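Peer 1: Okay, here's the structure, questions in a sec.
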Amino acid sequence: MIKLKYRKIIFLILIAVLAGGSMAAYSQSEVNFLRKTIQLVFFQQFMTLVIYLTCFAQDLFSRRH
């Protein structure tokens, strides 16, 4: 199990990569402004949740508190 400190660092790096990659895709998209903005927001929120759960699920669902 990776220490919490390192999981936080990995989480922040993955979020930065997600933001950069999705903004690059956003700028290349040919659809109208409102549609691509909504798609970007939903995609980033969903992927942030997936990354968060990947990094911190063992802390959220552990029985020791």
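The values are calculated or read from the model by the stated rules, or taken from the named source; none is laboratory data. As the structure is a computational prediction, the values presented were derived from the model and not from experiment. Glycine also receives a Cβ, built like all others from the backbone with ideal geometry; neighbour counts cover every protein chain displayed. Surface accessibility is based on the protein's heavy atoms, side chains included, excluding ligands, DNA and RNA. Shrake-Rupley method; radii C 1.70, N 1.55, O 1.52, S 1.80 Å.
Peer 1: What whole-number value in Å² describes the accessible area per residue of the chain for a 1.4 Å probe?
Peer 2: Accessible area per residue, the chain: 83 Å².
Peer 1: Quick one: dipole size for the chain, taken about the Cα centre, charges +1 on Lys/Arg Cβ and -1 on Asp/Glu Cβ, in debye to the nearest 20.
Peer 2: Details: 8 positive and 2 negative charges, 81 e Å.
For the chain, the charge dipole is close to 380 debye.
Peer 1: If you don't mind, there's one more thing I want to ask. Based on DSSP loop calls and a cut-off of at most 10 other Cβ atoms within 10 Å, the longest stretch of the chain free of exposed trypsin sites (Lys or Arg not before Pro) is what?
Peer 2: In the chain, the maximal stretch lacking such sites is 4-62.
Peer 1: In whole percent, how big is the carbon plus sulfur part of the accessible area of the chain, probe 1.4 Å, protein atoms only? Don't skip to the answer; put the middle values down first.
Peer 2: Values: 3780 of 5420 Å².
Carbon with sulfur: 70 percent of the solvent-accessible area.
Peer 1: Oh, and also: Between 0 and 90 degrees, rounded to the nearest ten: what's the tilt of helix 33-60 against the longest Cα principal axis of the chain?
Peer 2: So the helix axis and the longest Cα principal axis differ by about 10 degrees.
Peer 1: In degrees between 0 and 90, to the nearest 10, how far off the longest principal axis of the chain does helix 4-28 point, with axes built from Cα atoms?
Peer 2: Taking the Cα atoms of the chain, the angle to 4-28 is about 10 degrees.
Peer 1: Which one is right for this structure if Cα extents along the principal axes in Å is calculated from it: (1) 49, 19, 11; (2) 28, 26, 22; (3) 83, 25, 19?
Peer 2: This structure yields the entry labelled (1).
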